[in-house]
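Enquirer: Take a look at this one; I'll ask things after.
Since every read-out is calculated from the coordinates, none of them should be taken as a lab result. This one's a predicted model, so the numbers in the text were calculated from it and none came from an experiment. All Cβ positions, glycine included, derive from the backbone under ideal geometry; neighbour counts span all protein chains shown.
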Amino acid sequence: MGNHEGRLEGSPPRSRGWVSRAACLVLCLALHGRARGQESIVLREQASIAPGAGVVLGDVATISGPNAEALAKLPLVAAEEPLPKALSLDRIRDLLSTTHKQNMGRIALSGASVRLATAEPVSVAPKPAPSPAPQPAGEVSDLPTVRGHALAALAVHANAEADAIRAEFAERDAATLATRIASGQVVSITPTARASEVPLQVRVYAADTLVLSETVRAKVSVRRSVLVATRDIDRGSAIDATNSRSEERWLPMSNLDAQAQALSQTPEAGAVAKQALRSGQAIGARHIALPVLIEKGDVVAVDCVRNGLVVRASLRALEDGKLNDMIELAPLASNRSSRDKASTPRREPPTVRARVVGAGRAVMMLASDAGETRVAQAEEAR
């Protein structure tokens, strides 16, 4: 009995030895399996394949590991082959081991099978053509033909807005007027007269080369606000608000000179007709006699204007003046004593010129210090 008990007491050490050896074996197998399975491939349940495209491993599986990128490119179904409905795990393992010579001992492959479907084609709408870049106002593209440039030049020539110009060009000039101006070309158009038919010199340059040189002609009308007789006016009769009014008229370019230019408003009180006027006739400066607003010897209040400052001086008119006339003026009679006059050599008093703006009133613009000096001398000479 004692021996048996002794054997029983000695058995636990042997059991512990077997357990230790089994644990080491399991650990080794686990480490060996981890070393072999360095790549992991997990099949998806379903994959969509583009029409006409082949199937590669990356289309049907999630791959991880050092060689994941290379494995993902391995072909499973060629593009020219019909697309199967599914790929099984065994089929993929066989392709990897036999066709692509992969070491399956280093790959952990899991999943059942992958259903394959053809992806619907995606229609891509064509991109709209880019809009042309906007051209800055005033460049050649704003006026693409010679005609457009000619109308702009006539507006400047007549001192009028572009929509206040009408031009009837000669038919023989149609081809020249229709000439288009290419980008980078320079156009020079010069009206040479204010007549019933205005000639315009046209020159077009490309860099330093003259590519077009012609003269075109146009009958030009300008829209202006003019004074119109509302009834017949006899010669010598007064022209006022009772027999005239302002309205817009189209006037020929030849009527825009200083003498024939139509009045835009009722003239100063006292204006009379120099000739008989018909009802509806435009009244021009040549049709009326303006009253004399300043007579020779009158004392005139002269406003001297420079840089926004106004200084008023009283001077004597040396000649008659109507509205807008330029007249000569001199200082008033001197207030100096006879003794001062006797001791000072006689000299001609300084004079100035001013524009008549009303009865007993005139204005002069001082553009230089010399003008101020003349006014000061005229004041000192009083």
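Enquirer: Order these by the 10 Å Cβ neighbour count, fewest first: I294, I92.
Expert: I92, I294
Enquirer: Rounded, prolate or oblate: which fits segment 171-327, taking a ≥ b ≥ c as square roots of the Cα gyration tensor eigenvalues, rounded meaning a/c under 1.5, else prolate when a/b beats b/c?
Expert: Judged from the Cα gyration tensor, segment 171-327 comes out oblate (a/c at least 1.5, b/c at or above a/b).
Enquirer: Tell me, D94, D325 in order of fewest to most beta-carbon neighbours within 10 Å?
Expert: So the ranking, lowest neighbour count to highest, is D94, D325.
Enquirer: What ranking do 209-217, 354-362, 227-235 get when scored by the average of other Cβ atoms within 10 Å per residue, highest first?
Expert: Result, highest mean first: 354-362, 227-235, 209-217.
Enquirer: Work out, step by step, the length gained on full extension between S254 and Q185: first 0.36 nm times the residue separation, then minus their alpha carbon distance; give nm to one decimal.
Expert: 21.6 nm
Enquirer: Could you give each residue of segment 90-99 its phi-based ³J(HN,Hα) in whole Hz, using Karplus coefficients 6.51, -1.76, 1.60 with θ = phi - 60°, and x for Gly or Pro?
Expert: 5, 5, 5, 4, 5, 5, 5, 7, 8, 6
Enquirer: Something else now. Can you figure out the FRET efficiency of A79 with A206, using R₀ = 51 Å and their beta-carbon distance, to the nearest 0.05?
Expert: With R0 = 51 Å, the Cβ-Cβ based efficiency is 0.35.
Enquirer: Pull out a ≥ b ≥ c, the square roots of the eigenvalues of the alpha-carbon gyration tensor of segment 39-118, then state rounded if a/c is under 1.5, prolate if not and a/b is larger than b/c, and oblate in the remaining case.
Expert: Prolate, since a/c reaches 1.5 and a/b exceeds b/c.
Enquirer: Calculate one ³J(HN,Hα) per residue across segment 52-62 by plugging θ = phi - 60° into the Karplus curve 6.51 cos²θ - 1.76 cosθ + 1.60, and present them in order as whole Hz with x for glycine and proline.
Expert: Couplings: x, 9, x, 10, 10, 4, x, 6, 10, 8, 9 Hz.
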